[in-house]
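The values are calculated or read from the model by the stated rules, or taken from the named source; none is laboratory data. The shown structure was predicted, so the numbers you read here are calculated from the model rather than taken from an experiment. Cβ placement follows ideal geometry from the backbone for every residue including glycine, while neighbour counts extend to all protein chains displayed.
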Amino acid sequence: MGKNVQIKSAFSANPVGRADGTCFIISNDATLSIGNNVGISNTLFYIKTSLTIEDNVLIGGGCQIYDSDFHSLDYEERIHKGDRAKKTAPILIREGAFLGMDVLVLKGVTIGKRSIVAARSVVAKSIPDNEIWGGNPAKFIRKIEN
(Lines give C-alpha, C1' and ligand atoms only; values in the text may rest on other atoms or scores of the structure.)
Protein backbone atom coordinates (compact mmCIF):
# COMPACT_ATOMS: atom_id res chain seq x y z
CA MET A 1 0.00 0.00 0.00
CA GLY A 2 1.42 3.33 -1.08
CA LYS A 3 1.30 6.73 0.58
CA ASN A 4 -1.80 8.92 0.62
CA VAL A 5 -4.24 6.14 -0.30
CA GLN A 6 -7.82 7.12 0.49
CA ILE A 7 -10.45 4.39 0.77
CA LYS A 8 -14.00 5.62 1.25
CA SER A 9 -16.38 2.96 2.41
CA ALA A 10 -19.75 4.36 3.35
CA PHE A 11 -22.75 6.13 1.87
CA SER A 12 -21.82 9.26 3.79
CA ALA A 13 -18.29 9.22 2.31
CA ASN A 14 -19.45 8.92 -1.31
CA PRO A 15 -23.18 8.60 -2.05
CA VAL A 16 -22.61 7.43 -5.65
CA GLY A 17 -21.46 4.09 -4.22
CA ARG A 18 -24.82 3.88 -2.49
CA ALA A 19 -24.74 1.84 0.71
CA ASP A 20 -22.08 -0.56 -0.59
CA GLY A 21 -18.88 -0.50 1.41
CA THR A 22 -15.39 -1.19 0.13
CA CYS A 23 -14.60 -4.90 0.30
CA PHE A 24 -11.35 -6.77 -0.38
CA ILE A 25 -11.57 -10.53 -0.97
CA ILE A 26 -8.01 -11.74 -1.55
CA SER A 27 -6.91 -15.38 -1.86
CA ASN A 28 -3.98 -16.52 0.26
CA ASP A 29 -1.66 -16.82 -2.75
CA ALA A 30 -2.89 -13.65 -4.52
CA THR A 31 -1.11 -10.29 -4.60
CA LEU A 32 -2.48 -6.78 -4.25
CA SER A 33 -0.36 -3.69 -4.86
CA ILE A 34 -1.73 -0.16 -4.50
CA GLY A 35 0.45 2.82 -5.44
CA ASN A 36 0.61 6.36 -4.07
CA ASN A 37 -2.20 8.93 -4.20
CA VAL A 38 -4.93 6.41 -5.03
CA GLY A 39 -8.59 7.13 -4.31
CA ILE A 40 -11.06 4.28 -3.92
CA SER A 41 -14.79 4.63 -3.17
CA ASN A 42 -17.12 1.80 -2.20
CA THR A 43 -15.45 -0.79 -4.44
CA LEU A 44 -15.52 -4.59 -4.38
CA PHE A 45 -12.18 -6.29 -5.12
CA TYR A 46 -12.08 -10.06 -5.70
CA ILE A 47 -8.49 -11.16 -6.24
CA LYS A 48 -7.50 -14.78 -6.91
CA THR A 49 -4.26 -14.00 -8.82
CA SER A 50 -3.07 -10.39 -8.89
CA LEU A 51 -4.22 -6.79 -8.95
CA THR A 52 -1.80 -3.90 -9.39
CA ILE A 53 -3.03 -0.33 -9.07
CA GLU A 54 -0.35 2.22 -9.96
CA ASP A 55 -0.02 5.81 -8.66
CA ASN A 56 -2.67 8.53 -9.01
CA VAL A 57 -5.57 6.20 -9.89
CA LEU A 58 -9.17 7.10 -9.05
CA ILE A 59 -11.76 4.34 -8.68
CA GLY A 60 -15.34 5.61 -8.49
CA GLY A 61 -18.14 4.48 -6.22
CA GLY A 62 -19.72 1.10 -6.80
CA CYS A 63 -16.94 -0.35 -8.98
CA GLN A 64 -16.25 -4.10 -9.04
CA ILE A 65 -12.88 -5.59 -9.98
CA TYR A 66 -12.70 -9.37 -10.51
CA ASP A 67 -9.66 -11.32 -11.73
CA SER A 68 -11.64 -14.58 -11.86
CA ASP A 69 -14.53 -16.06 -13.81
CA PHE A 70 -15.82 -17.61 -10.52
CA HIS A 71 -17.11 -20.66 -12.40
CA SER A 72 -16.00 -22.80 -15.31
CA LEU A 73 -17.73 -22.15 -18.62
CA ASP A 74 -17.81 -25.92 -19.25
CA TYR A 75 -21.08 -27.49 -18.06
CA GLU A 76 -19.56 -30.90 -17.12
CA GLU A 77 -16.74 -29.24 -15.18
CA ARG A 78 -19.07 -26.82 -13.45
CA ILE A 79 -21.80 -29.31 -12.50
CA HIS A 80 -20.15 -32.74 -12.23
CA LYS A 81 -16.41 -32.25 -11.67
CA GLY A 82 -16.29 -29.76 -8.81
CA ASP A 83 -15.91 -26.56 -10.81
CA ARG A 84 -12.11 -26.48 -10.41
CA ALA A 85 -11.28 -25.12 -13.89
CA LYS A 86 -12.08 -21.48 -13.17
CA LYS A 87 -10.02 -19.06 -15.25
CA THR A 88 -8.12 -16.24 -13.58
CA ALA A 89 -5.75 -13.59 -14.94
CA PRO A 90 -3.98 -10.56 -13.41
CA ILE A 91 -5.39 -7.05 -13.67
CA LEU A 92 -3.24 -3.91 -14.06
CA ILE A 93 -4.59 -0.38 -13.65
CA ARG A 94 -1.89 1.99 -14.90
CA GLU A 95 -0.81 5.38 -13.55
CA GLY A 96 -3.44 8.12 -13.63
CA ALA A 97 -6.35 5.97 -14.81
CA PHE A 98 -9.86 6.98 -13.75
CA LEU A 99 -12.76 4.53 -13.42
CA GLY A 100 -16.19 6.18 -13.23
CA MET A 101 -18.90 4.89 -10.93
CA ASP A 102 -20.16 1.31 -11.24
CA VAL A 103 -17.41 0.17 -13.64
CA LEU A 104 -16.90 -3.61 -13.81
CA VAL A 105 -13.33 -4.72 -14.63
CA LEU A 106 -12.85 -8.37 -15.64
CA LYS A 107 -9.87 -10.70 -15.52
CA GLY A 108 -6.76 -10.15 -17.62
CA VAL A 109 -7.41 -6.47 -18.30
CA THR A 110 -4.89 -3.64 -18.35
CA ILE A 111 -6.27 -0.11 -18.17
CA GLY A 112 -3.74 2.25 -19.74
CA LYS A 113 -2.04 5.30 -18.30
CA ARG A 114 -4.35 8.29 -17.86
CA SER A 115 -7.22 6.46 -19.54
CA ILE A 116 -10.82 7.05 -18.46
CA VAL A 117 -13.59 4.45 -18.24
CA ALA A 118 -17.13 5.85 -18.37
CA ALA A 119 -19.64 5.10 -15.62
CA ARG A 120 -21.35 1.71 -15.72
CA SER A 121 -18.97 0.28 -18.31
CA VAL A 122 -17.92 -3.38 -18.47
CA VAL A 123 -14.20 -3.66 -19.24
CA ALA A 124 -13.56 -7.07 -20.78
CA LYS A 125 -10.43 -6.23 -22.80
CA SER A 126 -7.40 -4.03 -22.28
CA ILE A 127 -7.53 -0.27 -22.85
CA PRO A 128 -4.50 1.59 -24.28
CA ASP A 129 -2.97 4.70 -22.69
CA ASN A 130 -4.73 8.08 -23.01
CA GLU A 131 -8.11 6.87 -24.24
CA ILE A 132 -11.73 7.18 -23.12
CA TRP A 133 -13.79 4.00 -23.25
CA GLY A 134 -17.39 3.29 -22.29
CA GLY A 135 -20.31 0.92 -22.67
CA ASN A 136 -21.11 -2.75 -22.25
CA PRO A 137 -18.78 -4.09 -23.39
CA ALA A 138 -16.55 -1.02 -23.13
CA LYS A 139 -15.49 0.36 -26.52
CA PHE A 140 -13.16 3.12 -27.66
CA ILE A 141 -14.77 6.59 -27.59
CA ARG A 142 -11.86 8.94 -28.27
CA LYS A 143 -8.22 9.75 -27.58
CA ILE A 144 -7.30 12.08 -24.75
CA GLU A 145 -5.27 15.02 -26.07
CA ASN A 146 -2.80 16.40 -23.53
Practice prompt. Consider D129 carefully, then state whether it is in a loop (DSSP other than H, G, I, E, B) and surrounded by 15 or more Cβ atoms within 10 Å (Cβ to Cβ).
Written response: yes
Worksheet item: Within the stretch 72-99, which residues are touching a residue at least 24 places away in the same chain (Cβ under 8 Å) and of a type in the set (F, W, Y)?
Response: F98
Discussion item. Criterion first (aromatic (F, W, Y) and in contact with an Asp or Glu (Cβ under 9 Å, 6 or more places away or on another chain)) does F140 satisfy it?
Written reply: yes
Worksheet entry | the stretch 32-51: number of residues that are closer than 24 Å to R120 by Cβ, polar (S, T, N, Q) and modelled with pLDDT of 95 or more | 0
Practice prompt. Could you list all residues from the stretch 51-84 that are in a loop (DSSP other than H, G, I, E, B) and surrounded by 15 or more Cβ atoms within 10 Å (Cβ to Cβ)?
Written response: E54, D55, N56, V57, G60, G61, G62, C63, D67, D69, S72
Discussion item. So K86 passes all but one of these: (1) at pLDDT 95 or above; (2) in contact with a His (Cβ under 9 Å, 6 or more places away or on another chain). Which condition number does it fail?
Written reply: (1)
Worksheet item: Among the residues of the stretch 100-121, is there at least one that is out of contact with any Pro (no Cβ under 7 Å at 6 or more places or on another chain), over 25 Å from N37 (Cα atoms) and surrounded by fewer than 18 Cβ atoms within 10 Å (Cβ to Cβ)?
Response: no
